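Presented below is the structure to which this report refers.
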Amino acid sequence: MSTVPPPPGEVRRRPPRDEVRRALLDAAARTFARQGIDAASLDDVAAAAGFTKGAVYSNFGSKEGLVAALVDDRVSAYLDLGLAAVADTDATLPERARMLGDRLTAATDEQHDWHLLFLELWQRAVRTGRTDGPFGERRRELHAAVAAAVAAHAEEAGAELPLPAGSLATLLLALSNGLAIERLVDPAAVPDDLMGRALALLVSGAAPADPVDPAGPDGPDHR
């Protein structure tokens, strides 16, 4: 399946199927993010991975099959990353939320291609109305898994949630996606600890104090 022939007299080891799939998925994430899903061809993806187009067909069946597998792969990785970030059961719920936010912010920098691809997948789903496709289905599964994790961690920490777990899951995903977009455009506007601090406030139910107006009755300029 490799596009590069082995030197004369050398027999090339056939890579395991799992290795081929992993290489193709990683190449698809890079290629689709940079060229766009519709503009990129399977030849482009295969070449980026070092295989022929036949490798893509034999592993995923079609371009849409590859896209669906990529969505499944990246959403699963996102969930695993989040669960690992809050694995410290000795931490309070706000502390876990802060660790989660900090880790997701770091992932924004590490997985630049995935965020670009996410935006295109979101646009495709909204424009076509196909929210019941692989992207929409996996998003709903992710939301349910996040809500269940929030509820479980709150119970384990003996903390009362300020909102239902499902609502907090929606806010968590919205914050993660929105801040990732802002950070891609203007990194300085999204400090490394911003999401962590926001999530800690969110689960604690504590509202930040209103800023003091220097000219107001409690400000230094009041006479």
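The values are calculated or read from the model by the stated rules, or taken from the named source; none is laboratory data. Every value quoted in this text rests on a predicted model; they were computed, and no experiment measured them. Positions of Cβ are backbone-derived with ideal geometry, glycine not excepted, and every protein chain shown enters the neighbour counts. Remember, those area values only see protein heavy atoms, side chains included, never the ligands or the DNA or RNA. Shrake-Rupley method; radii C 1.70, N 1.55, O 1.52, S 1.80 Å.
Tally time: how many residues in region 126-154 are in contact (Cβ under 8 Å) with a residue 60 or more places away in the chain, more than 17 Å from the chain's Cα centre (by Cα) and open to solvent by 70 Å² or more (accessible area, probe 1.4 Å)?
0
Here is a yes/no grid of residues against (1) open to solvent by 30 Å² or more (accessible area, probe 1.4 Å); (2) part of a helix (DSSP H, G or I); (3) farther than 30 Å from residue 40 by Cβ:
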{"site": "108", "(1), (2), (3)": "no, yes, no"}
{"site": "119", "(1), (2), (3)": "yes, yes, no"}
{"site": "124", "(1), (2), (3)": "yes, yes, no"}
{"site": "156", "(1), (2), (3)": "yes, yes, yes"}
{"site": "162", "(1), (2), (3)": "yes, no, yes"}
{"site": "168", "(1), (2), (3)": "no, yes, yes"}
{"site": "182", "(1), (2), (3)": "yes, yes, no"}
{"site": "196", "(1), (2), (3)": "no, yes, yes"}
{"site": "203", "(1), (2), (3)": "no, yes, yes"}
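Only one of 49, 107 is without any contact (Cβ under 8 Å) to a residue 40 or more places away in the chain and more than 18 Å from residue 176 (Cα to Cα); which? So that I can check it myself, show each step before the final result.
Details: 107 fails: more than 18 Å from residue 176 (Cα to Cα).
Going through 49, 107 in turn, just one is without any contact (Cβ under 8 Å) to a residue 40 or more places away in the chain and more than 18 Å from residue 176 (Cα to Cα): 49.
Which ones in region 63-94 are buried (at least 18 other Cβ atoms within 10 Å of the Cβ) and of a type in the set (Gly, Ala, Ser)? Step through it out loud before you land on a result.
Applying the first criterion (buried (at least 18 other Cβ atoms within 10 Å of the Cβ)) to region 63-94 yields 63, 66-71, 73-75, 78, 82, 85-86, 93-94.
Across region 63-94, the qualifying residues are 68, 69, 82, 85.
Which one of these does residue 103 not meet: (1) modelled with pLDDT of 90 or more; (2) in contact with an Asp or Glu (Cβ under 9 Å, 6 or more places away or on another chain)?
(2)
Checking the condition modelled with pLDDT of 90 or more and within 26 Å of residue 69 (Cα to Cα), which residue from 189, 174 passes?
Numbers: 189 fails: within 26 Å of residue 69 (Cα to Cα).
Unique residue meeting the criteria: 174.
What do you reckon, is residue 60 touching a residue at least 24 places away in the same chain (Cβ under 8 Å), over 28 Å from residue 141 (Cβ atoms) and buried (at least 20 other Cβ atoms within 10 Å of the Cβ)?
Values: touching a residue at least 24 places away in the same chain (Cβ under 8 Å): yes; over 28 Å from residue 141 (Cβ atoms): no; buried (at least 20 other Cβ atoms within 10 Å of the Cβ): yes.
Answer is no for this residue.
Which number in (1) free of Cβ contacts under 8 Å to residues at least 24 places away in the same chain; (2) of a type in the set (A, V, I, L, M, F, W, C); (3) buried (at least 20 other Cβ atoms within 10 Å of the Cβ) marks the one condition that residue 97 misses?
In the conditions (1) free of Cβ contacts under 8 Å to residues at least 24 places away in the same chain; (2) of a type in the set (A, V, I, L, M, F, W, C); (3) buried (at least 20 other Cβ atoms within 10 Å of the Cβ), residue 97 misses (1) alone.
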